[in-house]
Amino acid sequence: MSSDKMIFIVNGKPRAGKDTFAQILNEYMDVYKYSSVTKVKEIAKQCGWTGAKEERDRKFLHELKMLTSAYSDMSYNDVLDKIHKFEKGELDADVFVVDIREPEEIDRLVKATKAFTIFIENNRVPSITSNPADANVENYRYDFIIKNNGTLEDFEGNIKLFIEVLMTFMFMYEEGDRF
């Protein structure tokens, strides 16, 4: 992967601000946003899922993802395929942001791609425990935690700070410095 292309795995509680993070980041860098459940949602719609995100729906999506993962590792392979296209320049973006819930899947993808992991912290939204994917979002050691506990302007300021820190880190890494 070239140094100007970055992969971010983003996680957080439902409605924590993951999509808003990608939208704000896209104001500063070209972002391609994807989800590990994109293909699962396509199948779910064929099964009658309406697109709702209530706890029952989240549980259904999680269970469907687990079934397809056990059978063919569908979600992981789909995300990895998209990342390979991104790395080859087939997707017009500087940053690939992928939304993944399960700590084991995050870890696999980090090892396969050298992605950075980001947790969007938002203490204003409730935890969802109806399924293991949502219940375990905090059970990973993320590279970055971006707080979304205040206003939208506060969140945007935290994202700008994240970009500055990341750029400094990338510059130092390219210069060969060790931390």
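Within region 24-43, restricting attention to residues that are closer than 28 Å to Asn148 by Cβ and part of a helix (DSSP H, G or I), the residue that is most open to solvent (accessible area, probe 1.4 Å) is Lys39. Answer yes or no: is there a residue in region 99-108 that is open to solvent by less than 40 Å² (accessible area, probe 1.4 Å), closer than 20 Å to Glu27 by Cα and in contact with a helix residue (DSSP H, G or I) (Cβ under 8 Å, 6 or more places away or on another chain). Yes, some residue in region 99-108 is open to solvent by less than 40 Å² (accessible area, probe 1.4 Å), closer than 20 Å to Glu27 by Cα and in contact with a helix residue (DSSP H, G or I) (Cβ under 8 Å, 6 or more places away or on another chain).
Within region 89-109, the residues that satisfy the criterion of being in contact (Cβ under 8 Å) with a residue 24 or more places away in the chain and not in a helix (DSSP H, G or I) are Leu91, Asp92, Ala93, Asp94, Val95, Phe96, Val97, Val98, Asp99, Ile100, Arg101, Glu102.
Within region 116-137, the set of residues being acidic (Asp, Glu) and in contact with a Gly (Cβ under 8 Å, 6 or more places away or on another chain) comprises Glu121 only. A single member of Lys53, Lys85, Lys33 is closer than 19 Å to Asp19 by Cβ, among the basic types (Lys, Arg) and at pLDDT 95 or above, and it is Lys33.
Tell me whether region 139-161 contains one or more residues that are closer than 23 Å to Lys39 by Cα, in contact (Cβ under 8 Å) with a residue 40 or more places away in the chain, open to solvent by 60 Å² or more (accessible area, probe 1.4 Å) and not small (Gly, Ala, Ser). Checking region 139-161: not a single residue is closer than 23 Å to Lys39 by Cα, in contact (Cβ under 8 Å) with a residue 40 or more places away in the chain, open to solvent by 60 Å² or more (accessible area, probe 1.4 Å) and not small (Gly, Ala, Ser).
Every residue in region 44-88 that is part of a loop (DSSP other than H, G, I, E, B) and open to solvent by 50 Å² or more (accessible area, probe 1.4 Å), please. Within region 44-88, Cys47, Gly48, Thr50, Lys53, Glu54, Lys88 qualify. Of all residues in region 110-123, those being part of a loop (DSSP other than H, G, I, E, B) and over 14 Å from Lys18 (Cβ atoms) number 3.
Which of the residues that make up region 124-159 are in a helix (DSSP H, G or I), modelled with pLDDT of 95 or more and not β-branched (Val, Ile, Thr)? Leu152, Glu153, Asp154, Phe155, Glu156, Gly157, Asn158 - these are the residues of region 124-159 that are in a helix (DSSP H, G or I), modelled with pLDDT of 95 or more and not β-branched (Val, Ile, Thr). Given the structure, is Thr113 buried (at least 18 other Cβ atoms within 10 Å of the Cβ) and either farther than 28 Å from Phe60 by Cα or among the small types (Gly, Ala, Ser) (or both)? Criteria met by Thr113. Counting the residues of region 33-65 that are touching a helix residue (DSSP H, G or I) at 6+ places or on another chain (Cβ under 6 Å) and among the hydroxyl-bearing types (Ser, Thr, Tyr) gives 2. The single condition among (1) within 15 Å of Phe8 (Cβ to Cβ); (2) hydroxyl-bearing (Ser, Thr, Tyr); (3) open to solvent by 90 Å² or more (accessible area, probe 1.4 Å) that Thr129 does not meet is (1).
The values are calculated or read from the model by the stated rules, or taken from the named source; none is laboratory data. In this text, all values refer to a predicted model and were calculated from it rather than measured experimentally. Note that we place each Cβ from the backbone using ideal geometry, even for glycine, and neighbour counts take in every protein chain shown. Quick note on the areas: whole protein, heavy atoms, side chains included, nothing else; ligands and nucleic acids left out. Shrake-Rupley method; radii C 1.70, N 1.55, O 1.52, S 1.80 Å.
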